1. When the label point is put 7 Å from the Cα of Ala96 along its Cα-to-beta-carbon vector, which residues of the range 135-175 have a backbone N closer than 13 Å?
2. Can you figure out the FRET efficiency of Asp436 with Asp146, using R₀ = 41 Å and their beta-carbon distance, to the nearest 0.05?
3. How big is the charge dipole of the range 340-435 about its Cα centre, in debye rounded to the nearest 20, if each Lys and Arg gets +1 on its Cβ and each Asp and Glu gets -1 on its Cβ?
4. Please go through the residue pairs Lys245/Lys356; Lys223/Lys356; Lys214/Lys345; Lys182/Lys240; Lys124/Lys214 and name each one whose alpha carbons sit more than 29 Å apart in this structure.
5. Where q = 0.12 Å⁻¹, what log10 of I(q)/I(0) comes from the Debye formula for the range 341-477, counting one point per Cα?
Amino acid sequence: MPMLLALVAFLFLCTHAAADTIVLKNGRRILALSAYEDGDKVRYLTSAGELSLPKSIVDHVEQGGAVPMTSGPGAAANLAIAPPTAQPTGGGDIEAIERAAVHDGAIDREYIAKLEGEARTGTKQANFNAAMGHHAAATFELSRGDLEHALTDERTALIYDPEEPALLMNVAYAHLRRSEFKQSLDYLERARRVAPDNPDVAKLAGWAYYGLNKMDQAVAEWKRALALRPDAEVQVALEKTQRDKSEEENYKENGSSHFTLRYNGAAAPALAHDVLRTLEMHFSAIESELNYSPPDSIGVILYTQEAFADITKAPGWAGALNDGRIRVPVQGLTGVDQELSRVLKHELTHSFIQQKTHGRAPAWVQEGLAQWMEGQRSGEHAVALAQIHGEGHAVPMGRLEGSWMGMSGDGARYAYAWALAHIEYIVQADGMGDIDRILDRIGSGMSTEAALKEVLHSDYDDLMQSTTEYLRKTYGR
Ligand SMILES: [Zn+2]
């Protein structure tokens with residue numbers, strides 16, 4: 001498990017989305033996905049199902065609250081760059097294969113299987129045909145935004161024809177659309193070896209570097225692409241990047257002892273100083289809490305909302321993220337307000353944990369501790385969590401270890417609430433020293449549960465039990 005965790009690149013997405021808040025007469029607030037009155041009860045939804053309270057103890061329900069950052073399906077289109085147009089060149093009747101592989105709005109898997117059967121004879125043409133069958137399927141899937149299947153089909157196509165630039169570029173394109181920039185570059189390098197002067201290779205490589213925030217290389221690739229072929233999409237991307245680049249260059253001086261700060265958008269200059277000052281303050285606080293000082297300088301990038309959504313392709317519920325660099329949308333801000341300060345401390349905590357554990361901390365430790373550091377406590381969720389646990393619906397802790405990227409907004413809210421509750425319980429029981437010791441053990445390669453057993457003498461089931469008891473005792477009515 002630690003081995004596996006070490007290989008997974010975690011993204012830490014940080015939500016501050018809320019739905020409805022039920023305010024009780026005793027002043028306590030309960031956060032729910034949605035709440036409504038039903039006779040003498042107030043019913044409210046959690047991701048574990050519907051719960052209810054007697055209306056007599058409810059003062060009122062606040063609807064809405066913070067609205068999650070939303071982006072429609074089209075808004076995540078990243079750079080407005082269409083799939084590569086390169087056509088495979090392998091002889092045979094490619095068009096006939098395309099027509100047979102995809103017809104009537106669907107992929108003909110039987111036909112493709114037949115091509116694969118013929119490829120077993122080993123002739124070059126038969127292998128090429130099988131590649132074209134999968135390529136046609138991938139192109140179709142790409143056109144429908146089904147990136148996952150497009151990748152599977154195009155990678156299969158490459159097994160039959162490993163050096164075909166059109167296939168390599170399609171794989172690269174699907175990775176780009178998924179913000180997997182490094183993987184994309186691997187395929188583009190392969191494509192470049194066989195087709196050094198293909199303008200699409202340079203075009204896509206520019207996008208990959210852009211995504212990796214390597215603006216000089218992005219500009220160089222796009223200039224190269226334009227020299228090979230005029231292209232309106234490249235022109236737009238190049239101009240945008242040159243604007244961003246000059247903006248970043250303007251603020252180059254904005255580094256401090258622990259941070260390198262970059263802009264990617266039209267943020268106010270005063271904001272940069274304010275952000276750095278805030279980060280340094282939080283750095284000292286977290287440093288003394290965790291008894292640890294990260295050796296590597298921490299990269300921070302401030303985005304406009306639009307650029308954040310375009311570049312990070314984070315789910316709609318993500319307010320900021322940390323993928324090795326702290327990426328924060330700061331649209332419309334001129335200085336650090338309380339909310340941004342909180343977000344910065346949360347993201348900075350992730351950087352500390354990441355470096356202290358060499359990237360081995362599971363998601364629940366990361367998100368729980370980050371929330372705790374930013375000052376969140378379990379009050380508003382406590383009753384619902386205890387009730388969910390009492391009804392046997394609590395998510396097993398093991399499920400909170402891996403990436404939360406695929407979770408729905410509801411699922412994520414629930415995961416965050418449990419993560420915070422567990423960390424809060426551990427800290428209040430024996431202080432931050434236990435967290436420190438647990439992180440050190442995780443960092444040395446121990447599984448999280450084994451680390452808990454050594455430090456707390458608890459396994460996951462015990463922790464679940466203790467956390468729930470703590471919630472009842474501390475916040476119970
Ligand atoms: Zn987070």
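1. none
2. 0.35
3. 220
4. Lys245/Lys356; Lys223/Lys356; Lys124/Lys214
5. -0.42
Read-outs: derived from the displayed coordinates by stated rules, not from any lab. Every value quoted in this text rests on a predicted model; they were computed, and no experiment measured them. Please note: Cβ atoms are built from the backbone with ideal geometry, for glycine as well, and neighbour counts cover all protein chains shown.
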